[in-house]
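Accompanying notes for the structure given below.
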Amino acid sequence: MSAYILADLTVSDEAKMVEYRAWSTRAMVEHGAEVVVRGGAPEVLEGPWSPTRIVLLRFKDRDAARAFYASHTYTHARTLREGAGIMRMVLVEGPDLPTVPQAAAT
């Protein structure tokens, strides 16, 4: 079963986020993450949620997603992100869906 990391990020320091994005992208590539959603304009349909930037990553399974999060590369990315905003992130399992073409996911 695929695993998904859903992140809701509020950016307060764009300059720091540039470095974080470079390192987090490197970690995604190293761990086979498929970018399903990265950015775009979120539209809240229900509830008191005010996301500003949504990222949805798909991994082959929960272990692969955890390996990404615990990796040296992503750990370094997280240190670069300190003070750059607020990250909310969850890991959830979901269906194995067809691969999303990367050009359509950016």
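The values are calculated or read from the model by the stated rules, or taken from the named source; none is laboratory data. Remember, predicted model here, so these are calculated numbers, not experimental data. Because the Cβ atoms are built from the backbone with ideal geometry, glycine has one as well, and the counts that use them run over all protein chains shown. Quick note on the areas: whole protein, heavy atoms, side chains included, nothing else; ligands and nucleic acids left out. Shrake-Rupley method; radii C 1.70, N 1.55, O 1.52, S 1.80 Å.
Taking the criterion of being more than 15 Å from residue 81 (Cβ to Cβ), in contact (Cβ under 8 Å) with a residue 60 or more places away in the chain and open to solvent by 50 Å² or more (accessible area, probe 1.4 Å), the residues of segment 1-36 that qualify are 1, 6. Within segment 5-15, the set of residues being of a type in the set (D, E, K, R) and out of contact with any strand residue (DSSP E or B) (no Cβ under 8 Å at 6 or more places or on another chain) comprises just one member, 14.
Rundown of residues vs (1) modelled with pLDDT of 95 or more; (2) open to solvent by 70 Å² or more (accessible area, probe 1.4 Å); (3) not in a strand (DSSP E or B), yes/no style:
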{"site": "58", "(1), (2), (3)": "yes, no, no"}
{"site": "83", "(1), (2), (3)": "no, no, yes"}
{"site": "90", "(1), (2), (3)": "yes, yes, no"}
{"site": "100", "(1), (2), (3)": "no, no, yes"}
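For segment 31-38, the count of residues that are more than 14 Å from the chain's Cα centre (by Cα), of a type outside the set (Phe, Trp, Tyr) and not in a strand (DSSP E or B) is zero. Mind checking which pairs have a first residue in segment 62-90 that is within 20 Å of residue 4 (Cβ to Cβ) and a second that is open to solvent by 70 Å² or more (accessible area, probe 1.4 Å) and of a type in the set (A, V, I, L, M), Cβ under 8 Å, 6 or more apart or different chains? Every condition considered, the pairs that remain are 62/1.
A single entry from 77, 65, 70 fulfils the requirement of being loosely packed, with under 15 Cβ neighbours inside 10 Å, closer than 24 Å to residue 18 by Cα and modelled with pLDDT of 95 or more: 70. Being out of contact with any strand residue (DSSP E or B) (no Cβ under 9 Å at 6 or more places or on another chain) and either in a strand (DSSP E or B) or among the hydrophobic types (A, V, I, L, M, F, W, C) (or both) is the filter; apply it to segment 39-56 and report the residue that is farthest from residue 93 (Cα to Cα). Filtering segment 39-56 for residues that are out of contact with any strand residue (DSSP E or B) (no Cβ under 9 Å at 6 or more places or on another chain) and either in a strand (DSSP E or B) or among the hydrophobic types (A, V, I, L, M, F, W, C) (or both), the one farthest from residue 93 (Cα to Cα) comes out as 41.
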